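Taking it in order: structure first as structure tokens, then the write-up.
The values are calculated or read from the model by the stated rules, or taken from the named source; none is laboratory data. Note that this is a predicted model, so its numbers are computed, not measured. Here the Cβ positions follow ideal geometry from the backbone for every residue, glycine too, while neighbour counts run over all protein chains shown.
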Amino acid sequence: MERMDYFIELYGGLPRGGPGDNASTRKAFEMMEHLPPEPKILDIGCGPGMQTIELLRLSGGTVVALDLLPQMISRVKQSADSEGFADRLEAVQADMNDMRFEPASFDVIWSEGAIYFLGFEKGLEKVKEFVKPGGYVAVSEAVWLEPDRPQEVADLWKEYPEIDTVERKLEVVSKLGYSIVNHFVLPASSWTELYYDPLAKRITEYENKWNGIPEAEDVLAEARNEISVFRKHSRCYSYAFFVMRK
């Protein structure tokens, strides 16, 4: 197995693919006041699909769930089937860098904790063509909450230089020609309850199994560090939800 295989095995069984919770999904969804009765929604980087199922529950519409990993596509299909939403879900295994949808084909573009794979500005610019005039884009994105940050926090985020303040993110949204509807910062519990707490348990489960495998031990060490830094410095950074309109 290669390093990425260990990463996928460790993280792929988590309830969520990143920080978030159903309450935050609902809060962002309810900010979109002018949706049709049965909107068509594109969920980019859906991961295991917890928010996908919540969008199906909230909207009464259809959701196209897109993810690169077949494991995630399988999980979101299974969840939709068990919840009775299979007839309103279309699961697409594809790279978000190579999305091929008709222009103006969605009422909502949604992405929780995944737009960074494209880059915040590049991603918002890219998806604009797929949303209908008057339609919405809602994404959660990493943001700084304090101007002064310890070195270990800076080190943790050095691979994503686009992390910035909420104000700077809002400037990007406006620059791209969107109308800002609203925004809010996710609470610390969005990181812990369905993401870091389950991840910590999985780390414990895999420690003996992967003992002596350098690539696997590196993945475990990085995960431990990520959890540790957040628990010490959660005041410094979080995700914020940004809801905008074309």
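For this structure, a couple of remarks:
- Subset of the stretch 158-167 [surrounded by 14 or more Cβ atoms within 10 Å (Cβ to Cβ) and either at pLDDT 95 or above or of a type in the set (G, A, S) (or both)]: I163, D164, T165, V166
- For the stretch 168-201, the candidate set comprises residues that are of a type in the set (V, I, T) and either more than 19 Å from G18 (Cα to Cα) or without any contact (Cβ under 8 Å) to a residue 40 or more places away in the chain (or both); within that set, the residue that is surrounded by the fewest Cβ atoms within 10 Å (Cβ to Cβ) is I180.
- Matching residues, the stretch 7-31, being hydrophobic (A, V, I, L, M, F, W, C), touching a residue at least 40 places away in the same chain (Cβ under 8 Å) and surrounded by fewer than 21 Cβ atoms within 10 Å (Cβ to Cβ): F7, I8, L10, L14, M31
- Scoring Y116 on the criteria (1) modelled with pLDDT of 95 or more; (2) closer than 30 Å to E226 by Cβ; (3) in contact with a strand residue (DSSP E or B) (Cβ under 9 Å, 6 or more places away or on another chain); (4) assigned to a helix (DSSP H, G or I) leaves a single failure, condition (1).
- Residue match in the stretch 86-99 (condition: farther than 22 Å from F130 by Cα, surrounded by fewer than 22 Cβ atoms within 10 Å (Cβ to Cβ) and in contact with a strand residue (DSSP E or B) (Cβ under 7 Å, 6 or more places away or on another chain)): no
- Taken over the stretch 185-215, residues that are over 21 Å from P15 (Cα atoms) and either in a helix (DSSP H, G or I) or touching an Asp or Glu at 6+ places or on another chain (Cβ under 8 Å) (or both) amount to 4.
- The stretch 44-70, residues that are touching a Cys at 6+ places or on another chain (Cβ under 9 Å) and either of a type in the set (G, A, S) or in contact (Cβ under 8 Å) with a residue 60 or more places away in the chain (or both): A65
- Applying the criterion of being more than 16 Å from the chain's Cα centre (by Cα) and not in a strand (DSSP E or B) to the residues of the stretch 123-137, the residue that is surrounded by the fewest Cβ atoms within 10 Å (Cβ to Cβ) is E129.
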